[in-house]
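The values are calculated or read from the model by the stated rules, or taken from the named source; none is laboratory data. Being a predicted model, the structure only gives us computed values, none of them experimental. In this analysis, Cβ positions are derived from the backbone assuming ideal geometry, glycine residues included, and neighbour counts consider all displayed protein chains.
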Amino acid sequence: MARNKRALITGCTSGIGQEVARSLAAKNFDLILIGRDEARLRVLQSQVLALSTNPIKVDYFVCDFENLEQVSKISKLIGKAYRDLDVLVNNVGIWDSKHRKDSHGWEMTWVVNYFAAFILTYNLFPLMKQTARDTKNMRIINVASDAHKFGQINFPLAQTFHVYKTYGSTKLANILNASYLAGLVREDGIFVNSLHPGVVATGLWRKLPKLLVNIAKRFMKSPDKGAETAIFLASTPNMRLSGQYLEDMKIAKLTDLAKNTDLQKQLFGETKKLLKEYLIG
Ligand SMILES: NC(=O)c1ccc[n+]([C@@H]2O[C@H](COP(=O)([O-])OP(=O)(O)OC[C@H]3O[C@@H](n4cnc5c(N)ncnc54)[C@H](OP(=O)(O)O)[C@@H]3O)[C@@H](O)[C@H]2O)c1
């Protein structure tokens with residue numbers, strides 16, 4: 001009998017990630033759920049188990065993405081514990097209103113939105129390549145944002161903070177990284193895309209100035225609508241898109257900066273150097 005497909009979803013205890021988890025469970029995917037709150041992960045685990053029509057396996061791991069040591073440990077553990085991973089949804093995201101730093105002095109939006117996803121993806125490559133050897137159809141999905149339009153990439157990374165530009169810059173980095181990886185692993189049968197979910201009524205907005213939130217509210221989708229493009233990329237049979245940026249399940253426009261292949265390569269190289277202590281050898 002064919003095995004279930006397996007998806008790993010980060011940031012699944014609320015918002016878009018939770019809807020992705022629910023939908024993939026209903027499509028009988030085995031799930032690996034990553035979140036920072038064990039009680040909420042346990043509730044989600046029992047909710048999604050009840051949604052499947054065939055038996056599925058749902059595991060969870062507790063990990064705080066503000067702590068890159070934890071991200072590194074969990075990614076190495078998962079890389080060893082499983083034999084297959086068909087879908088990786090890098091969905092965790094924050095939009096901070098204040099300059100917070102981690103133990104390295106790196107700005108926290110960069111740590112959570114980009115560095116943690118980079119480490120997780122990089123350390124899971126052996127597992128994902130092993131899966132793609134059999135299936136020729138492994139998928140990585142970076143939940144990015146149209147906010148990349150006001151982002152910039154300045155080296156060294158993660159040194160400054162601006163309430164709008166920093167979030168946009170981390171989302172630009174998610175897109176640049178997806179496009180670069182798409183080229184790197186195309187021959188392995190791994191498809192890498194990024195997406196804009198729309199403006200969605202989730203917890204993302206909780207720390208932002210009321211003025212911005214009130215403007216955004218006029219355009220907000222429900223979380224289940226916001227999850228549609230990620231679900232489309234994760235579960236459409238024989239999907240062959242790679243290196244693309246999608247919105248509403250269609251290819252969407254990127255800025256010239258987001259399409260800059262030199263910048264994609266430079267960002268990958270600089271990030272790998274910066275995060276060396278957390279990456280597998
Ligand atoms: N909402 C929008 O309009 C919008 C637009 C464009 C892009 N996006 C992107 O969509 C993605 C999902 O966000 P959302 O809108 O669904 O917001 P959300 O409801 O706040 O979900 C974010 C998820 O990330 C988790 N998370 C945050 N910090 C974490 C940490 N330190 N460690 C572990 N998990 C952490 C949250 O966990 P907790 O539940 O524990 O906080 C939550 O599950 C993000 O990447 C965001 O940038 C959203």
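Structure values in brief
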| quantity | calculated |
| --- | --- |
| Conditions (1) aromatic (F, W, Y); (2) in contact with an Asp or Glu (Cβ under 8 Å, 6 or more places away or on another chain); (3) near the ligand (Cβ under 10 Å from one of its atoms): number failed by F219 | (2) |
| Which listed residue, of W106, W110, is among the aromatic types (F, W, Y) and more than 19 Å from the chain's Cα centre (by Cα) | W106 |
| Residue that is part of a helix (DSSP H, G or I), more than 19 Å from F29 (Cβ to Cβ) and not small (G, A, S), where the choices are L176, L127, L120 | L176 |
| Extreme residue, nearest to K276 (Cα to Cα), among residues of segment 87-98 that are touching a helix residue (DSSP H, G or I) at 6+ places or on another chain (Cβ under 8 Å) and surrounded by fewer than 22 Cβ atoms within 10 Å (Cβ to Cβ) | I94 |
| Residue count, segment 51-99 (criterion: aromatic (F, W, Y), in contact (Cβ under 8 Å) with a residue 60 or more places away in the chain and near the ligand (Cβ under 10 Å from one of its atoms)) | 1 |
| Residue satisfying condition, being touching an Asp or Glu at 6+ places or on another chain (Cβ under 8 Å) and either at pLDDT 95 or above or more than 10 Å from the ligand (Cβ to nearest atom) (or both), within set L8, L31, L41 | L31 |
| Residues of segment 52-86 satisfying the condition of being acidic (D, E) and surrounded by fewer than 20 Cβ atoms within 10 Å (Cβ to Cβ) | D59, D64, E66, E69, D84 |
| V192 vs. criteria at pLDDT 95 or above, within 12 Å of the ligand (Cβ to nearest atom), within 14 Å of the chain's Cα centre (by Cα) and crowded, with 24+ Cβ neighbours inside 10 Å | no |
| Test: D102 is within 11 Å of the ligand (Cβ to nearest atom) and of a type in the set (D, E) | yes |
| Positions within segment 195-245 being closer than 27 Å to L257 by Cβ, loosely packed, with under 14 Cβ neighbours inside 10 Å and modelled with pLDDT of 90 or more, in sequence order | R240 |
| Residue that is surrounded by the most Cβ atoms within 10 Å (Cβ to Cβ) [pool: residues in segment 132-142 that are outside any strand (DSSP E or B) and without any contact (Cβ under 8 Å) to a residue 60 or more places away in the chain] | A132 |
| D188 vs. criteria among the acidic types (D, E), in contact (Cβ under 8 Å) with a residue 12 or more places away in the chain and under 22 Å from W95 (Cβ atoms) | no |
| Filtered residue count, segment 143-183, keeping only those that are over 21 Å from L68 (Cα atoms) and either touching a residue at least 60 places away in the same chain (Cβ under 8 Å) or buried (at least 23 other Cβ atoms within 10 Å of the Cβ) (or both) | 11 |
| Count of segment 121-151 residues which are in contact with a strand residue (DSSP E or B) (Cβ under 6 Å, 6 or more places away or on another chain) and away from the ligand (no atom under 16 Å from the Cβ) | 5 |
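So that you can scan it fast, the table gives a plain yes or no per residue for (1) touching a Pro at 6+ places or on another chain (Cβ under 9 Å); (2) more than 21 Å from L257 (Cβ to Cβ); (3) charged (D, E, K, R):
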residue: M128; (1), (2), (3): no, yes, no
residue: R133; (1), (2), (3): no, yes, yes
residue: M138; (1), (2), (3): no, yes, no
residue: S145; (1), (2), (3): yes, no, no
residue: A173; (1), (2), (3): no, no, no
residue: L184; (1), (2), (3): no, no, no
residue: V192; (1), (2), (3): no, no, no
